[in-house]
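Working notes, beginning with the structure itself.
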Amino acid sequence: MAELPAAFLTRMKELLGEEYGDFLAAYEKPPLRGIRLNPLKCTEEKLRAAFPFPLKPAPFSPLSFCFPQEGGRVGTMPLHHAGAFYSQEPSAASAVTVLAPQPGDRVLDLCAAPGGKSTQIAALLQGKGLLWSNEVVKSRANVLLSNLERLGVRNGVVSSCRPEVLCPALAGFFDKVLVDAPCSGEGMFRRDPQAVAEWSPEHVRSCAARQAAILDSAAQALRPGGLLAYSTCTFSLEENEETVTAFLERHPEFSLCEAGLPQGRPGLLGMNQARRIYPMDGGEGHFAALLKKAGGPEERLPYPAFAEKEPAPALRREAEALWQEIFSCPMPQGLCQAGEQLLLLPEGLPPWKGLGVLRAGVLFAAGKGKRWEPCHALFMAASPGQLRRRLDFPAGSPEISAFLRGEELPAPEEWRGWTGVSVDGVMLGFGKCSQGRLKNRYPKGLRNF
Ligand code: SAM
C-alpha cells in the first residue's frame, strides 16, 4: 500500500482515539474481495455452484458475498459476462441497504458510475418502478450504461448531466434519491494509490464544497415525503457529518432518520442515526446517512407523464415482426424510435429530452440501412424461456469460451435467424444461425482474449 499522508494519520488518530492501532493494523491486511448476486438474472444456488471456492454472506446486503483473497480474477468468468453478479467490495453495498428501494419506487442515483449501487437498486426494484442513473463524466457514464446492460436492467434511464441541470428539470419526481458522492476516498486507500496521492486537507475541503452543491440539487429531485441517502467512502468529518449537518441547516424540510444498518458504528458529532464503517468493521470505509423530506403528503404528487410520439404503423409492424422472430411472447409496450435506435421504454418515464440521456429502457434494435437488427442489450435483458431459439452451454464448456472470444458456434442445421446464447441458463448474448453455424454477435469490446 502507498505510504499514508502524515496529516491524514493525525486526523485519524484524533477521530479514533484508542482504536487507532486497530485501524492501522487493518491496513496491514489485504483489501476484502466481494461480489453481489444479480437476482434479475441468476440465483444464489447457481452462483455458488459456479465459484470454485466458498462464498461467505457479507453483512451489508443480503445479496453480497465475500470470497478469499486468492480467488483469482472473476471479471473474465462467463457468469460475470452474463451479468449474474457484480464485483463489489461488500461494505460498498451498505448505502443502498440504507436507502432500501422497494419494487415500484422511482429512484434517482445521482452519482452513479460505474454502477455498483445502481445495479443493486435495480435488483431491489425487481423490474418495477424506475431507476434513473446519472453520471456527470461522460466516459464514466458509458461504463455505467455497459454495466446496466450486462445486468439486464430493463426499467432504467442512464444520463450524463450536471446535477444542477438534471434535478430542477425532474423536481419532485423521485421517491428515493441516492447521492453516493465524489469524495476524498480515504476508505479506498488500501486499494487505490491514486486516492492516496490526491489526498490533502484542501482536497477534503473542496470535496465537501462539491458535496454540498450536489446535495442541494438532489433535494430538489425528491418528492415531499421522499428519502435521500447520502454516502461517501471517506472518513473525514467535513465530508460526512459536517456536510449532513450543514445540509440540514440549509434545508429545514429534511430530517435525519435511523440508517437501519446493524453493521458499522454510529456517526460522530452526535449523529447516532448515521453509520460509519471502518476497515476494522469488516469494510473498507464508508459513511451513510438517511434523510427524509417533509412538507407534503406521503404520496406521490401527479407528475406530467412523458408522452412519446407513437411510432408510425409501418415501423410498428416491422418492430413487431422482428420481435416475433426472436420471442414467443408479445412485444411489451413502450416502443419508441430515437434516431437509428428502437427502444422499449419503461413505464412512467418523466420528460427526458435535453437531459443528456444516453439510454432509456432497453435498446431493442439498431438501424442497418433499411433493416432493423436486434441489439446485444435486448438479449441481455431477455428472459431465456421466452426466446424461440437459444443455445445453452455450461460455463466450463469450450463453446462458451469460444463464444466469449467472438468465434462461431455449431448450431442445429435447420435453425435460421437470430438466436440467443446463454451460459448455464443465464443470457450471455446472441448470434445469427444459418447452415448449422451461429455467427457471433458478442460485442468486440467485451470479448475475452
Ligand atoms: N455510486 C457509484 C458506484 O457505486 O459505482 C460510485 C460513485 S463515485 C463515489 C462518485 C461519482 O460522482 C463519480 O463517478 C464521479 O465522476 C461523479 N462526480 C464527480 N463530480 C461530480 C459532480 N460535480 N456532480 C455529480 N457527480 C460527480
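Take every pair of alpha-carbon atoms less than 8 Å apart whose residues are at least six positions apart; their mean separation over the length of the chain yields a relative contact order of 14 percent.
On a 31 Å Cα-Cα criterion, which of the cross-link pairs LYS29/LYS293; LYS176/LYS370; LYS46/LYS370; LYS176/LYS309; LYS117/LYS353 come out too long?
The answer is LYS29/LYS293; LYS176/LYS370; LYS46/LYS370.
Each of ASP216 and SER200 was given a label point 7 Å from its Cα along the Cα-to-Cβ line. The distance between the two points is 2.5 nm. Once the mean of 1/r is taken over each pair of separate Cα atoms and inverted, segment 43-158 shows a Kirkwood hydrodynamic radius of 14.7 Å. To the nearest µm²/s, what D does Stokes-Einstein give for segment 323-449 at 25 °C and 0.890 mPa s, using the Kirkwood radius over alpha carbon pairs as Rh? Answer from the Stokes-Einstein relation: 157 µm²/s. How big is the C-alpha Rg of the chain next to the rule-of-thumb value 2.2 N^0.38 Å, as a ratio? The value comes to 1.02.
In terms of overall dimensions, segment 84-129 has a Cα radius of gyration and Dmax of 10.1, 27 angstrom. Other residues within the sphere of radius under 12 Å centred on the Cβ of ALA365, judged by their own Cβ, net out at -3 (K and R +1, D and E -1). With a cut-off of 10 Å between beta carbons, the residues surrounding SER236 carry a summed charge of -3, where Lys and Arg count +1 and Asp and Glu -1. For the peptides 149-155, 72-78, the ranking by mean Cβ contacts within 10 Å, running from highest to lowest, is 149-155, 72-78. Summing Lys and Arg as +1 and Asp and Glu as -1 over all other residues whose Cβ lies under 9 Å from the Cβ of GLY267 gives a net charge of +2.
If you average the alpha carbon positions of segment 201-277 and of segment 352-427, how far apart do those two centres end up, in angstrom? Comparing the Cα centres of segment 201-277 and segment 352-427, I get a distance of 41 Å.
Between GLU253 and GLU70, the contour length at 0.36 nm per residue exceeds the Cα-Cα span by 61.0 nm. Based on DSSP H segments of at least four residues, each scored -39500 (n - 2.57), the chain has a per-residue ellipticity at 222 nm of -8000 deg cm²/dmol. The fraction of accessible area contributed by carbon and sulfur in segment 28-67 is 61 percent, rounded to a whole number (1.4 Å probe; ligands and nucleic acids excluded).
Residues whose amide H comes within less than 5 Å of that of LEU391, counting only those at least five positions distant or on another chain, are GLY420, VAL421, SER422 (H built at 1.01 Å from N in the peptide plane).
Fully extending the segment from ARG371 to ALA2, taken as 0.36 nm per residue of separation minus the present Cα-Cα distance, adds 127.4 nm. Volume per residue of the convex hull around the Cα atoms, evaluated for segment 20-85, comes out as 96 Å³. Taking label points 7 Å from Cα along the Cα-to-Cβ direction, LYS292 and GLU340 give a separation of 5.0 nm.
Accessible surface calculations at 1.4 Å, restricted to protein heavy atoms, place the chain at 42 Å² per residue.
Spin-label pair THR43-GLU164: with each label point 7 Å from Cα along the Cα-Cβ axis, the two points sit 5.1 nm from one another. Considering the zone a paramagnetic label at SER328 would reach in this model (a point 7 Å from Cα along the Cα-to-Cβ line), which residues of segment 391-410 have amide N under 14 Å from it? Counting backbone N atoms under 14 Å from the label point, the list is 391.
The values are calculated or read from the model by the stated rules, or taken from the named source; none is laboratory data. From a predicted model like this one, the values you see are computed outputs, not experimental measurements. Note that we place each Cβ from the backbone using ideal geometry, even for glycine, and neighbour counts take in every protein chain shown. The protein model used for the area step is the full one, side chains on, heavy atoms only, and it has no ligands, DNA or RNA in it. Shrake-Rupley method; radii C 1.70, N 1.55, O 1.52, S 1.80 Å.
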